[in-house]
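Student: Got a structure for you, questions after.
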Amino acid sequence: MIEPLEITLDGPFMVGEWHVEPATGRLSLDTSEVRLEPKVMEVLVCLAQEAGKVVSREQLEATVWAGTVVGYDSLASTIIKLRKAFDDDSRNPRVIETVPKRGYRLIAVVKPALTEKVNTAPEPLEPGTILPETGKRPLMIAVFALLMIAAFLVWTFTGPQLSDPDSSHQFDTDKPAIAVLPFKNISNDHEQDYFSDGMTADLITDLSKISGLSVIARNSVFTYKDNPADVREVGEQLNVRYVIEGSVRKANNTLRISARLIDTRTGFNVWADRFDGSLENIFALQDEVAAKIISSLEVTLTEQERLQIARQYTASIEAYDVFLQGWRDLWEFSKDSNADAREHFLQAIELDADFARAYANLAITYVYDFMHGWSETAEHSLELANVYARKAVELDDCLPQVHWAMGLTEIFNRNYQQALLEAEKAISLDPNFAVAHGQLATTLNYAGRPKEALVMMQQAMALNPRHPFVYQLIRGEIYFNLHEYENAIGDFADVLEKNPEAQEARLWMAAALGHVGRIEDAKWELDQVRVTGANLSLEHIEKSIPFKDPVQRKRFVDGLYKAGLGAE
């Protein structure tokens, strides 16, 4: 019978025969002891507080990750770690039971802690120790190198865990700073959300091409999609003077776009208008909206900028519609959604064989397959990514997105110089393209130029103030290569607070801690990687990490060696 007990994060308690000390993060049984991460311990405490009852995913996320948007895998991975710590089996649970479609239940007896612990704390885990586990999920270290580069590029697309805006990131004060909030879908069909989202993103893209404007990146503004805020608050949070709000109504072949430009200091409309037309005229309507905004802000365009804004992605409305559906699927970031996105992009290409952006995004789907092992032949996926990215550039080398796609593939090809050129080309075409700034920073860092990388990373953060936490991961890696280990540790700690599953951050954290002499903390970070089933080898890491500079590679490996990671 489950005994009700008041459980807190301060006092010890028992789960079955296990002694739990939330304050120190320790879980012990006889002579065995495991240290749990703070978030893992908080989940255990939440379950223990409701022992014998089902605790929903939503309740756990609201309690443990209050105020933070988390990915679907964060809680699931935390439960996996708890089961491994307890040596529990999800199929025949003794401690934690999964209740399908409802949540989790702690089924072991929870009781007061013993007045004295029978066991004494053992020595810290030796490097190479694997904690007891069931259903081991191997973590291929060969993929680790890809993840470190891919992390930034992936999360700039998906970015569910967002950092708080950093007020130190300021725009050029000589340029009007503007944020385009997600346009509302006011059609009767909620399945049309992809269309209004796509139009919002295209408007951001058009305005971003104007050198006389500072435009907030998509990631930052889309955090307001389901969380509306007062425009004055948006102005303060994103450090912008102007906000654009709008709505889209699509019914059969008719289209209505409503938009208004708001001064965030006063809350007054600078301009508002409504645009009606047929679906065939969608590009003309988009151009008209952009032109009205630019005119209201009294921004002068260069001839090249006029041509870029007037450029249509495709002459086929059907291809554009299918492309937007694929674009929506790409943001879901899963194996299945990636496959769905690919089908949509292929369909768009069938409808318009000259659709450059469809080829570019098709290349991205193959890069994702390569990065995450979503295909049986990773090398073939990278080959296809190269083919389609090059095709996109050949079709229209004036689109920043195609150069971003090409640069991404060149990073994985380890063609650093070409990756740099592609990122620089994307930025020249779109000075506000935060993704390209981040890609340039990543490439510079791995190419042995961390000082330049840091400057570029700060620019990316300014353009995307509510950036995904992985921006801090990349900045932490840059700080590491600059030998600024304490700054690096601070960034890695922030990353792990927002996403405990960022194993690449743990490895970099371990290396940084090793260099500053915090050996026990460094060992603990490595233990947290091992508990996932990782098979770590310094020899393999040396071969796998794509540093161009062998001195940088050696410094990283030396940090891990100091942390206790030897050839295994």
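A short reminder: the numbers here are calculations on the coordinates, not readings from a lab. Just so you know, these numbers come straight off a predicted model, no measurement behind them. Backbone-built Cβ (ideal geometry, glycine too); neighbour counts: all protein chains shown.
Student: Between the range 444-519 and the range 245-275, what is the separation of their alpha carbon centroids in Å?
Tutor: Using only Cα atoms, the two centres lie 39 Å from each other.
Student: Could you give me the ³J(HN,Hα) list for the range 361-371, computed from phi with Karplus coefficients 6.51, -1.76, 1.60 and θ = phi - 60°, whole Hz, x at Gly and Pro?
Tutor: 6, 4, 4, 4, 4, 6, 5, 4, 4, 5, 5
Student: While we're on this one: What nm value, rounded to one decimal, do you get for the distance between E288 and E58 when each label is placed 7 Å out toward the C-beta?
Tutor: Those two pseudo-labels are separated by 4.2 nm.
Student: Please list, in order along the range 398-410, the HN-Hα scalar couplings obtained from phi with the Karplus expression 6.51 cos²θ - 1.76 cosθ + 1.60 (θ = phi - 60°), rounded to whole Hz, x for Gly and Pro.
Tutor: For the range 398-410, the Karplus curve yields 9, 9, x, 5, 6, 6, 4, 4, 5, x, 4, 5, 5 Hz.
Student: Please give the FRET efficiency for A66 paired with A272, using the beta carbon to beta carbon distance and R0 = 35 Å, rounded to the nearest 0.05.
Tutor: It comes out at approximately 0.40.
Student: To continue, here is another question. Starting from the 7 Å offset along Cα-to-Cβ, what nm value, one decimal, do you get for the label separation of S247 and S537?
Tutor: Here the modelled spin labels are 6.1 nm apart.
Student: Would you calculate the volume per residue, in Å³, of the smallest convex hull containing every Cα atom of the range 405-463?
Tutor: 60 Å³
Student: Whole angstrom only: what separates the Cα centroid of the range 15-32 from the Cα centroid of the range 416-434?
Tutor: So the two Cα centres are separated by 52 Å.
Student: So what is the orientation-averaged projected area of the range 411-518, using the convex hull of its C-alpha atoms, in nm²?
Tutor: Over every viewing direction, the Cα hull of the range 411-518 projects on average to 6.7 nm².
Student: Same structure again: Quick one: what are the phi-derived ³J(HN,Hα) couplings along the range 273-279, Karplus 6.51/-1.76/1.60 with θ = phi - 60°, whole Hz, x for glycine and proline?
Tutor: The phi angles translate into 7, 10, 10, 10, x, 8, 4 Hz.
Student: What ranking do 460-468, 412-420, 442-450 get when scored by the average of other Cβ atoms within 10 Å per residue, highest first?
Tutor: 460-468, 442-450, 412-420
Student: Starting from the Cα of K111, step 7 Å along the direction of its Cβ; do the same at D10; then give the gap between the two resulting points in nm.
Tutor: 2.5 nm
Student: How big is D for the range 319-363, in µm² s⁻¹ as a whole number, if Stokes-Einstein is applied with the Kirkwood radius of its Cα pairs at 4 °C and 1.567 mPa s?
Tutor: Value of D from the Cα-based Kirkwood radius: 132 µm²/s.
Student: Using Cα pairs under 8 angstrom and six or more residues apart, how large is the relative contact order of the range 322-417, in percent?
Tutor: Taking the mean separation of contacting Cα pairs over the length of the range 322-417, I get 23 percent.
Student: Can I ask one more? Looking at this model, which pairs from K335/K523; K81/K451; K53/K184; K39/K523; K84/K548 are more than 29 angstrom apart at the alpha-carbon?
Tutor: Result: K335/K523; K81/K451; K53/K184; K84/K548 exceed 29 Å.
Student: Further, regarding this structure: Given the Cα-Cα distance of R232 and R555 and 0.36 nm per residue of separation, how much length would full extension add, in nm?
Tutor: Taking R232 through R555 to full extension adds about 111.6 nm, to one decimal.
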